[in-house]
Amino acid sequence: MNARVDLSRFQATGLETCFHGRHIQPQIYAGLDGKNWRLKDYEARGGYRAWRKILEQGEGRGMTPEQVIAEVKASSLRGRGGAGFPTGLKWSFMPRQFPGAKYLVCNSDEGEPGTCKDRDLLMFNPHIVIEGMAIAAYAMGVNVAYNYIHGEIFEVYERFEEALEEARAAGYLGDAILGSKWNFQLHACHGFGAYICGEETALLESLEGKKGQPRFKPPFPASYGLYGKPTTVNNTETFAAVPWIIVNGGQAYLDIGKPNNGGTKIFSVVGDVQKPGNYEVPLGTPFTKLLELAGGVPEGRTLKAVIPGGSSAPVLPASIMNELTMDYDAIAKAGSMLGSGAVIVMDDSRSMVHSLLRLSYFYMHESCGQCTPCREGTGWLYRMVERIANGQGRMQDIDLLNSVSDNIQGRTICALGDAAAMPVRAMIKHFKDEFVALIEKNAAPVHAGKIGPADSINPALTAAAATLQYGMATRAAASPEHRQAVKP
Amino acid sequence: MNAPAPKAAMLSEAAARAFAREIAKYPPEGKASAVIACLAVLQEEHGFISQESEELVAEALDMPVIAVHEVTTFYNMFNQVPVGRVKLNVCTNLPCQLRGGQHALEHLCASLGVAEGGTTVDRAFTVQKAECLGACADAPVVLVNDRQMVSFMNDARLDELVAVLREANPARPA
C-alpha cells in the first residue's frame with residue numbers, strides 16, 4: 001500500500017463539532033481550540049493538578065485510594081459508555097488487596113451509531129483521559145492500564161500515543177511517579193472494525209488477541225477480567241470527568257447535574273439538525289435546549305422522532321422528547337435510555353421503516369454469531385423489515401417482528417441482541433401506522449427467506465442479504481468476497 | 001533437506017520495529033494481545049492479509065496460525081483479498097445516511113464505475129460501505145486506506161478527493 005497522502009484539507013478540524021462555543025458549563029471540552037492538546041497546554045488549563053494533589057507527599061497531604069473512591073461516589077458520576085452504572089460503586093468492586101496483576105481498561109471503542117464524543121475528546125484533550133485513568137488506577141490499586149481505541153479513528157490512536165510519550169517524559173506515568181512510591185504504566189491499543197468490541201467482555205477478548213466474542217457474566221471483569229485478572233473497564237468520558245471531581249469535590253460535581261445524575265455529559269447531536277456536533281451540557285438540560293444548541297431541525301421541517309442514546313436505544317416520538325430532560329433517570333422513565341449520549345434526530349421527511357431497515361442491517365452485520373437467538377434473529381428481523389419496506393410485507397409480520405424481538409431479548413450472552421430487538425419494538429410501538437401503510441399498499445406477499453426487488457434505498461443491502469438467507473448470517477458470510485460473489 | 005528459512009527474516013525492518021513496540025506493551029504471557037496491531041502493520045505494507053502474513057504474525061506472537069486467521073476474518077477492516085491501491089470506506093449507517101452517507105457511496109461508485117465492494121479495473125480504487133466509523137457529526141465520512149478519515153464529503157469534495165488520490169497513486173504499467 002502507498003504512503004499517506006496529505007488529506008488535511010478534507011479532514012475534520014473539530015471547529016464544527018467541538019469548538020463551536022455552544023456548550024453549557026463545559027468541563028471536559030472547556031478551553032479547547034484544536035491546537036492546545038499538548039501537555040504544556042493541558043497543564044496551563046490546570047491539568048494534572050488532581051494527580052499531583054493525590055500523590056502529594058507529607059503528613060496529612062495527598063489522598064488515600066479510599067478517599068478518592070468516596071469523592072467519586074459523592075459526585076454521582078455514572079458510566080458514560082451506555083449503562084450509566086455508578087462509577088464509584090464499580091471502582092469499589094475491585095479487590096484492591098488482591099495479590100498480583102490487576103488491570104484497568106479504557107473503552108474508547110466508540111462505534112455506537114450516532115456517537116463521536118470520545119473521538120473529539122481523545123483528539124483534542126488526550127491528557128485529561130490519561131490523568132483520569134491514572135487516578136482511577138491509583139484508587140483501585142492497579143499498576144497497568146490499556147486504552148482500547150476504535151480502529152477506524154487511527155489518527156486518534158496515534159495522537160493518544162504521542163500524548164502518552166509526553167506524560168511519560170514529564171514523569172506523570174512510569175515508576176515512582178512525582179516522588180511517590182506509586183508505579184503506573186499506561187498503553188494504547190486499537191481495534192480494527194468490530195462494533196461488538198465496545199461490549200466490555202468482548203473488548204477484553206479482543207485485547208487478549210482473540211475475536212471479540214463476549215463472555216458470559218458472571219464472573220464479572222472485577223473478578224475475572226483481562227488475562228483472567230481483576231479488571232475494571234470504564235468509558236473514556238467517565239475517566240475524563242474524574243480530574244475535575246478530585247479538584248473541585250464530588251459535591252460540586254453533583255450540584256452541576258441533578259440528583260443521582262451528577263455533572264456534565266457530552267451529547268453527540270446528529271442526523272437532521274442544522275449544526276450536528278458534540279455538545280457538553282449539564283445532565284438534566286431540557287432536550288429542547290439541546291436541540292436549540294444544535295441549530296434545530298432543517299428549515300421548513302418539523303421534529304418527528306429522536307433516538308436519544310445511540311442506535312441501540314428505543315426511539316421516542318417528538319411529543320415525548322419535547323417534554324424530556326436529558327439525564328439517565330428521565331429518559332429511562334420515558335421508556336428509552338441515555339446510553340452513550342448520541343442523539344439521533346429525525347425530521348418529518350423520514351420513513352421510520354427505512355430507518356429501521358438500516359439499523360437492522362447493522363445489527364445483523366455486527367452480530368458476533370455466538371448466540372443463536374441473535375445470530376439468526378437479527379437476520380430474520382432484517383429480512384422482515386426489508387420486505388415490509390419493499391411493499392411485500394404481510395399484516396402478521398408486525399406481530400412476528402415483535403415475537404422475534406421477544407425471543408432475542410434477554411436470551412443472549414451480551415446486550416447486542418437486546419440492542420437489535422429494542423429499536424424494532426419501539427419503532428412498531430410509536431410508528432405502527434407507517435408499517436401498516438406500507439403493508440396495505442403491498443404487492444404479492446413473499447416468504448421471509450425470499451429477497452424482494454432491489455431496495456430503493458440501498459441495492460447493496462439486498463445483495464448482502466441474498467448471501468445470508470440460508471442461515472449463514474455470520475460475519476464471515478457478510479465479508480466482502482461473499483458479497484462480491486452474489487453480484488450480478 | 002534444508003530447514004525452511006526462519007519466517008522472521010521476511011519481516012521488513014519497519015514492520016519488525018512496529019511488532020517489537022506493540023509486543024512490549026503486554027506481559028510476556030499476553031503476547032497475542034498484539035495480534036490486531038501486527039496484522040494492521042502488515043496490511044498497511046502489503047494492502048491485504050495473505051496467509052504468509054498470518055504465518056509471520058503467528059510466529060512472532062507464538063500463536064497457532066488458525067488463531068491469527070480467526071482474527072483476520074472477524075474484524076471488518078482486514079482485507080482478506082487484495083484490494084485497490086486506495087480503499088475507500090463510506091459510512092452508510094443511519095446517522096450518516098440521514099446526512100447523505102448513502103448518496104456519497106453511490107456517487108463514489110458511479111464516478112469510479114464500480115459496484116459497492118468492487119475495485120476499479122486499473123486496481124486504483126476499492127469502494128466499500130462501512131458500518132459506524134465513529135464520526136457521525138461529520139457525515140458523510142470516508143475512511144481512506146484504514147488510516148485517514150475525511151469529513152463533510154459532498155459530491156464536489158468527493159470528486160476532489162478522488163483527483164488528489166489518483167494523482168498520488170498513478171496507475172502502474174502492467
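The values are calculated or read from the model by the stated rules, or taken from the named source; none is laboratory data. Just so we're clear, the structure is a prediction, and the values are computed from it rather than from any experiment. Backbone-built Cβ (ideal geometry, glycine too); neighbour counts: all protein chains shown. Only protein heavy atoms, including side chains, enter the accessible area calculation; ligands, DNA and RNA are left aside. Shrake-Rupley method; radii C 1.70, N 1.55, O 1.52, S 1.80 Å.
Quick notes on this one:
- Helix A:65-75 and the longest principal axis of the Cα set of chain A meet at an angle near 50°.
- Of the chymotrypsin sites (Phe, Trp or Tyr not before Pro) in the range A:12-104, those whose Cβ has at most 16 other Cβ within 10 Å and which sit in DSSP loop: A:Phe93
- Candidate lysines - alpha carbon under 21 Å from A:Lys90, same-chain residues fewer than 8 apart omitted: A:Lys73, A:Lys102, A:Lys217, A:Lys229, A:Lys258, A:Lys265
- Interface B:A - total buried accessible surface [probe 1.4 Å, Å², rounded to 100]: 6300 Å²
- In order through the range A:146-154: 3J(HN,Hα) via Karplus (6.51 cos²θ - 1.76 cosθ + 1.60), integer Hz, x for Gly, Pro: 10, 10, 8, 10, 3, x, 6, 9, 4
- Residue-normalised accessible area of the range B:1-96, given per residue in Å² at a 1.4 Å probe: 43 Å²
- Sequence-distant aspartates and glutamates (8 or more away, or on other chains) whose Cα lies within less than 18 Å of B:Lys31: A:Glu205, A:Glu208, B:Glu22, B:Glu54, B:Glu55, B:Glu59, B:Asp62, B:Glu70
- Nearby aspartates and glutamates by direct alpha-carbon distance to A:Lys53 (threshold 16 angstrom, same-chain neighbours under 8 apart not counted): A:Glu43, A:Glu66, A:Glu71, A:Glu131
- Remark on A:Gly114: its backbone amide H falls under 5 Å from those of B:Cys136, a criterion applied only to residues 5 or more positions apart or on other chains, H modelled at 1.01 Å from N.
- Peptide-level mean, for A:184-195, of C-beta atoms on other protein chains within 10 Å: 5
- For chain A, the C-alpha radius of gyration sits at 1.00 times the compact-globule guess of 2.2 N^0.38 Å, with N the residue count.
- Across peptide B:34-40, the mean count of Cβ atoms from other chains lying within 10 Å of each residue's own Cβ comes to 5.
- Averaged over peptide A:5-17, the number of partner chain Cβ atoms lying within 10 Å of each residue's Cβ comes to 6.
- Loop-located GluC sites (Glu not before Pro) in the range A:315-424 (DSSP state not H, G, I, E or B) with no more than 15 neighbouring Cβ atoms inside 10 Å: A:Glu323.
- From its DSSP helices (H runs of at least four residues, each -39,500 (n - 2.57)), chain A gives a residue-normalised ellipticity at 222 nm of -12500 deg cm²/dmol.
- Extension gain, A:Ala30 back to A:Phe93 (0.36 nm per residue minus Cα-Cα distance, nm): 19.5 nm
- Put a dot 7 Å past the Cα of A:Glu59, heading toward its Cβ, do the same for A:Lys275, and the two dots end up 5.5 nm apart.
- Near-label residues of the range A:373-417 by backbone N, under 14 Å of a point 7 Å along Cα→Cβ of A:Val436: A:395-399
- The heavy atoms of A:Asp329 present about 60 square angstrom of accessible area, all protein chains included, probe 1.4 Å.
- Centroid-to-centroid separation of the range A:205-244 and the range B:79-121 [C-alpha atoms, Å]: 34 Å
- Normalised contact order of chain A, rounded percent, pairs of Cα under 8 Å and 6 or more residues apart: 14 percent
- Net charge over other residues, Cβ less than 9 angstrom from the Cβ of A:Met140 (K, R count +1; D, E count -1): +2
- Only protein atoms count toward the accessible area here, which uses a 1.4 Å probe; on the protein assembly as shown, the carbon and sulfur part of that area reaches 55 percent.
- Computed from Cα positions, the angle between helix A:396-408 and the longest principal axis of chain A comes to roughly 30 degrees.
- Alpha-carbon centroids, the range A:102-180 and the range A:19-68: separation in whole Å: 14 Å
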